[in-house]
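*Asks:* First the structure, then my questions, so here it is.
The values are calculated or read from the model by the stated rules, or taken from the named source; none is laboratory data. Bear in mind the structure is a predicted one, so any value in this text is a computation, not a measurement. Backbone-built Cβ (ideal geometry, glycine too); neighbour counts: all protein chains shown.
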Amino acid sequence: QKEVEQDPGPLSVPEGAIVSLNCTYSNSAFQYFMWYRQYSRKGPELLMYTYSSGNKEDGRFTAQVDKSSKYISLFIRDSQPSDSATYLCAFMDTGRRALTFGSGTRLQVQP
Amino acid sequence: DTAVSQTPKYLVTQMGNDKSIKCEQNLGHDTMYWYKQDSKKFLKIMFSYNNKELIINETVPNRFSPKSPDKAHLNLHINSLELGDSAVYFCASSQLAKDEQYFGPGTRLTVT
């Protein structure tokens, strides 16, 4: 079983739609949960960071963590064409200082 | 001001050559990293360096070696380049007390 599972997409939605991106993980040592956005030929950009179960909101973005189910989500409200990118979930356990990434979901928001 | 910078942005070289990629961060962070992103866009940690100490050294060929002249720099040296080394290499940094990592723009390495 892979440590992290993430649907690669592509996910195509119309402008203004609500987008739901998901990752599941198997490593119980993961205690920090992140979402990164990566535009084509750019470096990953940190979007959301959380370490507890529940929801965290930042503007149009909401990160959701369910530790009991080992499941994290990123919701994007009122999606814009500028949101078109690859979204990477990332995890860190308490023992290591390195991130374990999902394979990324490519999102396309159609104007 | 760029927080994490890398040079060069593109690197095309032949098999067998030795090359270096430079990374600098101006965030005052004390931990730096190298990640490799393969052709399928999968990002994987290679090294983690804190206070001149190598913390993480994943299963990476010993042809790859990180060099940290000071806390703000972590360079990646690659000896005897192989075709399979072609990838995008990202540098990142974080403050040890926090875990948010900030990435550079990447160096696209092509070995011919």
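*Asks:* Got at least one residue in the range B:15-24 being more than 11 Å from every other protein chain (Cβ to nearest Cβ), touching a residue at least 40 places away in the same chain (Cβ under 8 Å), in contact with a helix residue (DSSP H, G or I) (Cβ under 7 Å, 6 or more places away or on another chain) and surrounded by fewer than 17 Cβ atoms within 10 Å (Cβ to Cβ)?
*Replies:* yes
*Asks:* Further question on the same structure: Pull up the range B:25-50, narrow it to residues that are within 11 Å of chain A (Cβ to nearest Cβ) and among the polar types (S, T, N, Q), then point me to the one that is farthest from B:G104 (Cα to Cα).
*Replies:* So the residue we want is B:N50.
*Asks:* Consider B:T13 carefully, then state whether it is in contact with a Ser or Thr (Cβ under 9 Å, 6 or more places away or on another chain), more than 21 Å from A:G43 (Cβ to Cβ) and among the hydroxyl-bearing types (S, T, Y).
*Replies:* Here the answer is yes, as B:T13 does meet what is asked.
*Asks:* Additional query: Need the failing condition index for B:E53 against (1) among the acidic types (D, E); (2) farther than 18 Å from B:L27 by Cβ; (3) away from every other protein chain (no Cβ under 14 Å), just the number.
*Replies:* All conditions pass for B:E53, except number (3).
*Asks:* Let me ask something additional. What is the one condition in (1) away from chain B (no Cβ under 13 Å); (2) surrounded by 21 or more Cβ atoms within 10 Å (Cβ to Cβ) that A:F75 does not satisfy?
*Replies:* (2)
*Asks:* If you go through the range B:49-57 one residue at a time, do you hit one that is in contact (Cβ under 8 Å) with a residue 40 or more places away in the chain and either within 23 Å of A:E3 (Cβ to Cβ) or buried (at least 18 other Cβ atoms within 10 Å of the Cβ) (or both)? So that I can check it myself, show each step before the final result.
*Replies:* If we filter the range B:49-57 for residues that are in contact (Cβ under 8 Å) with a residue 40 or more places away in the chain, which is where we start, we get B:50.
Then drop every residue that is not either within 23 Å of A:E3 (Cβ to Cβ) or buried (at least 18 other Cβ atoms within 10 Å of the Cβ) (or both), which leaves B:50.
Looking for residues that are in contact (Cβ under 8 Å) with a residue 40 or more places away in the chain and either within 23 Å of A:E3 (Cβ to Cβ) or buried (at least 18 other Cβ atoms within 10 Å of the Cβ) (or both), one finds at least one in the range B:49-57, hence yes.
*Asks:* Considering each of A:Y36, A:Y32 in turn, give the residue that is in contact (Cβ under 8 Å) with a residue 24 or more places away in the chain, among the hydroxyl-bearing types (S, T, Y) and in contact with a Leu (Cβ under 6 Å, 6 or more places away or on another chain). Step through it out loud before you land on a result.
*Replies:* Values: A:Y32 fails: in contact with a Leu (Cβ under 6 Å, 6 or more places away or on another chain).
Just a single option satisfies the conditions, and that option is A:Y36.
*Asks:* So A:G104 clears everything in (1) within 14 Å of chain B (Cβ to nearest Cβ); (2) surrounded by 15 or more Cβ atoms within 10 Å (Cβ to Cβ); (3) on the phi < 0 side of the Ramachandran plot except one condition, right? Which one?
*Replies:* (3)
*Asks:* Anything in the range A:78-96 that is within 14 Å of chain B (Cβ to nearest Cβ) and crowded, with 19+ Cβ neighbours inside 10 Å? List them, or say none. If you could, list the steps in order and put the result at the bottom.
*Replies:* Just the residues of the range A:78-96 that are within 14 Å of chain B (Cβ to nearest Cβ), to begin with: A:85-96.
Selection gives A:A85, A:T86, A:Y87, A:L88, A:C89, A:A90, A:F91, A:M92.
*Asks:* Which residue out of B:V111, B:V88 is β-branched (V, I, T), surrounded by 12 or more Cβ atoms within 10 Å (Cβ to Cβ) and within 22 Å of A:M92 (Cα to Cα)? Spell out the reasoning first.
*Replies:* Working: B:V111 fails: within 22 Å of A:M92 (Cα to Cα).
None of the others qualify; the one that does is B:V88.
*Asks:* Still on this structure, please answer the following. Could you tell me which numbered condition B:V60 fails, if it satisfies all but one of (1) within 14 Å of the chain's Cα centre (by Cα); (2) modelled with pLDDT of 90 or more; (3) in a loop (DSSP other than H, G, I, E, B)?
*Replies:* Checking B:V60 against (1) within 14 Å of the chain's Cα centre (by Cα); (2) modelled with pLDDT of 90 or more; (3) in a loop (DSSP other than H, G, I, E, B), the one that fails is (2).
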